[in-house]
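First the structure, in the form of structure tokens, and then the observations on it.
Values quoted throughout were computed directly from the atomic coordinates according to the rules given, and no laboratory measurement underlies them. Treat the numbers as computed from the prediction; the structure is a model and nothing was measured. When we count neighbours, we look across all protein chains shown, and the Cβ atoms used for this are built from the backbone with ideal geometry, even at glycine.
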Amino acid sequence: MRGGSSRGLGLPATPDPQFKADALAGLASSIPAIPARWLYDHRGSELFEQITELPSYYPTKTEGALLAEILPELATVIPDGLAVVEFGAGSSTKTPPLLRAIDPAAYVPVDISGDFLEQSAADLRKVVPGLAVLPVAADFARPFDLPATVDGMAKLGFFPGSTIGNFVPRSATDLLRHFRDLLGTGALLLIGMDRVKPVERLVAAYDEPEGVTAAFNLNLLDRINRELDGTIPVDAFAHEARWNDILSRIEMHLVATRDVDFTVDGQAFAFTAGQSIHTENSHKYGQRGARVLLLAGGWTPLREWEAPGGDFSLILAEA
Ligand code: AVJ
């Protein structure tokens, strides 16, 4: 169980040592930055679910509609009876239709958030009876083992939602290679990648009037305060979404709106007004850039489907 989960019982929280290390090093850095994975605690995952329903947040809806449209075709391209391994499964709603269409022997959802994972596994067993659902609570970006049950089965990796976009290209290629090592030569990968589009639409998707993305970003500070004994005045930080054109990505920042001092785990930090903590990257790819990234990661694109206007891509690749 993750650090902090015992709080409700009035017990001292055991902070996740990696979260603590990342937060302390990130805040102390000359360019303050905290890895995006720490945005997704229980509250963060809930807020992300709300983001996916916002009118301006197009990726989830666009990918969902595209996937629904191509299911019959996918069913003809992807063999039956394989093991589907979903990376960062969360409480994905895209999965049951895919599973029904391709009729796999096993489904292995991999997610860092164990509580979400067990709940969705239980739901899924009801919705797709007869399917072996074998959840793995792990950070998919780190080495982990697949359940022995799927040894010897052909594999399909499923990596939807443009989660790959959270990784800088160097880490993204490492990750794709790690997937290849895990799934084996000949495995398939179905991956969703968000595409470059006009800046106004990109920024609107990450900074909307409803303020849910702001709450999602600011929750990181609450989490630091809760789990790492922090004293950050959350009201001294504002959410900002910036398009970084040269690096082709939306960046989320928490910008100090005034000079602030605080401590985290007893360590003192000072931010001056305008200084920011970089909290997430969401890389956007061109059509060819998406293919090159996959190739660099050891995956050969076989088929590719685009949402209207080239807003989003689903790519089927082979290891
Ligand atoms: C879950 C990483 C795909 O980058 O679009 C949404 C996360 N952050 N709004 C994205 C996110 C702010 C999302 N991913």
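Using modelled backbone amide H atoms (1.01 Å from N, in-plane), which distant-in-sequence or interchain residues come within less than 5 Å of Y40's amide H?
Those lying under 5 Å, H to H, from Y40: there are none.
Under a Cβ-Cβ cut-off of 15 Å, what is the net charge of the residues other than M193 that fall near it, where Lys and Arg count +1 and Asp and Glu count -1?
+3
Answer rounded, prolate or oblate for the stretch 184-227, using the Cα gyration tensor with square roots of eigenvalues a ≥ b ≥ c: rounded when a/c is under 1.5, else prolate when a/b is larger than b/c, else oblate.
Oblate, because a/c is 1.5 or more while a/b does not exceed b/c.
To the nearest 500 deg cm²/dmol, what mean residue ellipticity at 222 nm is calculated for the chain from DSSP H runs of n ≥ 4 alone, each contributing -39,500 (n - 2.57), summed and divided by the residues?
That calculation yields -11000 deg cm²/dmol at 222 nm.
Net charge near D181, counting Lys/Arg +1 and Asp/Glu -1 over other residues with Cβ under 13 Å of its Cβ?
It works out to a net charge of +2.
What are the residues whose amide H is under 5 Å from the amide H of G286, where those residues sit 5 or more places off or on another chain and H is modelled from the backbone?
Excluding prolines and chain starts, which carry no amide H, the hits are V196.
Quick one: plug the Kirkwood hydrodynamic radius of the stretch 60-208 (C-alpha pairs) into Stokes-Einstein at 4 °C, 1.567 mPa s, and report D in µm²/s.
Here the translational diffusion coefficient equals 81 µm²/s.
Got the relative contact order for the chain handy, in percent, Cα pairs under 8 Å and 6 or more residues apart?
Reported as a whole number, the value is 20 percent.
For the stretch 167-319, what's the radius of gyration and Dmax over Cα atoms, in angstrom?
Here Rg and the maximum Cα pair distance are 19.0, 55 Å.
In the chain, what percentage of the DSSP-assigned beta bridges are antiparallel, given to the nearest 5?
Working: 34 of 53 bridges.
Taking every DSSP beta bridge within the chain, about 65 percent pair in antiparallel fashion.
Quick check: net charge around G274, other residues with Cβ under 11 Å of its Cβ, Lys/Arg +1 and Asp/Glu -1? It would help to have the intermediate numbers written out before the result.
Working: positive: R258; negative: E240, D259.
For residues surrounding G274, the net value is -1.
If you stretched the chain out fully between L295 and F144, how much longer would it get, using 0.36 nm times the residue separation minus the C-alpha to C-alpha distance?
Taking L295 through F144 to full extension adds about 52.0 nm, to one decimal.
What shape does the stretch 39-134 take by its C-alpha gyration tensor, where a ≥ b ≥ c are the square roots of the eigenvalues and a/c under 1.5 counts as rounded, a/b above b/c as prolate, and the rest as oblate?
oblate
On alpha carbon coordinates alone, what is the Rg over Rh value for the stretch 139-196, Rh being the Kirkwood radius? Present the calculation step by step, with values, prior to reporting the outcome.
Details: Rg = 12.1 Å, Rh = 12.3 Å.
Rounded to two decimals, Rg over Rh is 0.98.
For T14, enumerate residues with amide H under 5 Å from its amide H, sequence gap 5+ or separate chain, H modeled in the peptide plane.
Under 5 Å from the amide H of T14: G4, S5, S6.
Which residue fluctuates most in the GNM of the chain (Cα springs below 10 Å): I164, I224, I70?
Result for the chain, Cα springs under 10 Å: I70 fluctuates most.
Mean projection of the alpha-carbon convex hull of the chain over all orientations, in nm²?
16.3
By how many nm would the segment from D235 to D123 lengthen if fully extended, with 0.36 nm per residue of separation less the alpha-carbon distance?
36.5 nm
Name the shape class, rounded, prolate or oblate, that the alpha-carbon gyration tensor gives for the stretch 218-292, where a ≥ b ≥ c are the square roots of its eigenvalues, rounded holds for a/c under 1.5, and otherwise prolate holds if a/b is larger than b/c and oblate otherwise.
It is prolate, given that a/c is not under 1.5 and a/b is the larger ratio.
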